[in-house]
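Before any comments, here is the structure.
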Amino acid sequence: MSRSVRPVAAAVALAVLLPGAPPAQAATSSEVWLTTADGSRLLARQADVAFGSATSGTTIDVNAGTTYQTMDGFGAAFTDSSTWLTWNRQNSSQRDAMLTKLFDRTNGIGLSLMRLPIGASDFTANSADYTFDDTCCDLNDFSINHDKAFTIPVIKAAKAKNSSLKIMASPWTPPAWMKTNNSLYGGSLRTDRHGVFADYYVKYLQAYAAEGLPIYSLAIQNEPHHEAAYESMRMAAGQQADVIKNHLGPKLAANGLTPKLVAWDHNWNEASYATTVLNDAGAKQYLAGSAFHCYGGDVSAQTAVHNAHPDRDIWFTECSGGEWATNFGDNLKWNLQNLIIGGTRNWAKGVLFWNLALDQNHGPTNGGCTNCRGVVTINNGTGNVAYNVEYYALGHASKFVVPGARRISSTNVAGSVETVAFRNPDNSIALIALNPSGSARTFTVRYAGQSFNYTLPAGAVTTFKWAG
């Protein structure tokens, strides 16, 4: 689904000061990686800056003793369209080079968290409407053979580049025979099919595990308040809670399956859906948390849900770029403010864009957005790849923030120097800083009693990384 209105970035999240956090260590210098609003420098390594005792203007304090959520990573979606293009429109050397730039952290940006539609979505090659068992009215014909043709090979090739890669799966629709309108488009889940609905996802998880691809997280339903003329289904909060507590949760447990179950998986502007499901104690016992999209509302909604249920996690799982917004600098700023910085400062453990790859015609599409943009664009005639603004926005985080990193405290000056910081498992520190203003900003980064000055061009973003 495309973004038509861009919400304003929000939000300072609440901190948790953990006792016994490792003491900060003195650093001697920091790496500097820069992307400018005009695209003249694209995640480009700059000269290192030395720590000393400098101070100039705004001070950005980084404090590794104040910690927040643990990060799963950053990425996009292995839509059917994306994997079909990768497998069928690139030769092996083109594919290997692109996957290296996407998933290898040393020679690329190290994407580590990816989303996978369960069955067809609005981005399915050859307009193929399908689920994994379209034969009524049992699961005797269940099969993931469709995915074995190109989706599973692409995922395995990506995982070979990054062994820590995690998959978040999300269904656009169950089989039509489970639904009130007997269609893959719209409708809702029949109340007498709740049990077989749960069985369907048990079989899915088992089938992917048998391929050596265990599913890390499972959403109950993608965009449950969006019915469309493509794969979709409406699911009320009460029905979602019932399915979780009485069917899906118990059946997963009985089969020894432990994906992180995620509620909602839709826009910020209806965050009360997530809290309603989490307020049901029977459902909450099986839920890891909730997930959000960018197409309505404000990123601060994530913090509202976190504050209501601080013992459950938050993920940001979908936002698409497109031809409605083509200015590189404007897109860079928006994505950093709202998703990379805004999303994580509002408790997201992961930040995901929509299609990993689309072609030069914004497809293949299957009834949905006709002008969306992938993280990369694959020419469907030559197999050549263009790396879009979303690639660089993701890279400023994914290349430097390793899965298992903890978000830590950093000063955030809205409209001037906007930041988020992380401490990696090896104790290295990554600080992402955006200058959203129309003029250069000089500021001081201070950590463990030492500091350095840096001047960031208008509209530019930089990632600093130093040894903790």
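Taking Cα atoms only, the orientation of helix 194-210 departs from the longest principal axis of the chain by about 60 degrees. Choose one of 285, 450, 198: the residue whose Cα lies farthest towards the positive end of the charge dipole of the chain (beta-carbon charges +1 Lys, Arg; -1 Asp, Glu; about the Cα centre). Looking along the dipole axis, the top candidate is 450.
What is the fewest-to-most order of 53, 30 by other Cβ atoms lying within 10 Å of their Cβ?
Working: 53 10, 30 21.
Least to most surrounded, the residues fall as 53, 30.
Test of understanding: express the Cα radius of gyration of region 72-406 as a ratio to 2.2 N^0.38 Å, with N the residue count. Write down the numbers at each step before the final one.
Working: Rg = 18.5 Å, N = 335, 2.2 N^0.38 = 20.0 Å.
Compactness ratio reported: 0.92.
In the chain, the DSSP-assigned H stretches of four residues or longer account for a calculated mean residue ellipticity at 222 nm of -6500 deg cm²/dmol, using -39500 (n - 2.57) per stretch and the full residue count as denominator.
Each Lys and Arg Cβ is given +1 and each Asp and Glu Cβ -1; about its Cα centre, the chain then shows a dipole of about 1100 debye.
Quick check on region 238-393: take the gyration tensor over C-alpha atoms, sort the square-rooted eigenvalues as a ≥ b ≥ c, and tell me if it's rounded (a/c under 1.5), prolate or oblate. Please list the in-between numbers first.
Working: a/c = 2.58, a/b = 1.72, b/c = 1.50.
Taking the square roots of the gyration eigenvalues as a ≥ b ≥ c, region 238-393 is prolate.
By definition, a body whose alpha carbon gyration tensor gives a ≥ b ≥ c is prolate when a/c is 1.5 or more and a/b is larger than b/c, and region 155-206 fits this prolate description.
Sorted on the mean count of surrounding Cβ atoms within 10 Å across their residues, most packed first, peptides 118-129, 438-449 read 118-129, 438-449. Placing unit charges on each Cβ (+1 for Lys and Arg, -1 for Asp and Glu) gives the chain a dipole about its Cα centre, and among 346, 358, 118 the Cα reaching farthest toward its positive end belongs to 346.
Each Lys and Arg adds +1 at its Cβ and each Asp and Glu adds -1 at its Cβ; summed about the Cα centre, region 87-191 shows a dipole of about 580 debye. Cross-link partners for residue 161 among the aspartates and glutamates, with Cα-Cα distance under 18 Å and sequence neighbours closer than 8 places in the same chain left out: 72, 96, 104, 211.
Using a cut-off of 18 Å between Cα atoms, the listed pairs 166/251; 179/284; 148/203 include 166/251; 179/284 as exceeding that distance. Counted over the chain, the DSSP beta bridges are approximately 55% antiparallel. Plainly put, region 157-270 has a radius of gyration that is 0.98 times its Kirkwood radius, both from alpha-carbon atoms, as the Rg/Rh ratio. Here region 177-310 is assigned +1 on the Cβ of each Lys and Arg and -1 on the Cβ of each Asp and Glu. Its dipole about the Cα centre then comes out at about 340 debye. Each peptide in 347-353, 102-108 receives the mean, over its residues, of other Cβ atoms within 10 Å, and ordering these scores from highest gives 347-353, 102-108.
Answer with one residue from 64, 262, 216: the one whose Cα lies farthest towards the positive end of the charge dipole of the chain, charges on Cβ with Lys, Arg +1 and Asp, Glu -1. It is 64. From most to least packed by mean Cβ count within 10 Å, the peptides 236-242, 390-396, 404-410 give 390-396, 404-410, 236-242.
Read the figures in this text as sums done on the coordinates, not as results from a lab. Quick caveat: nothing in here was measured; it's all calculated off a predicted structure. No Cβ is skipped: glycine too gets one built from the backbone with ideal geometry, and neighbour counts run over all protein chains shown.
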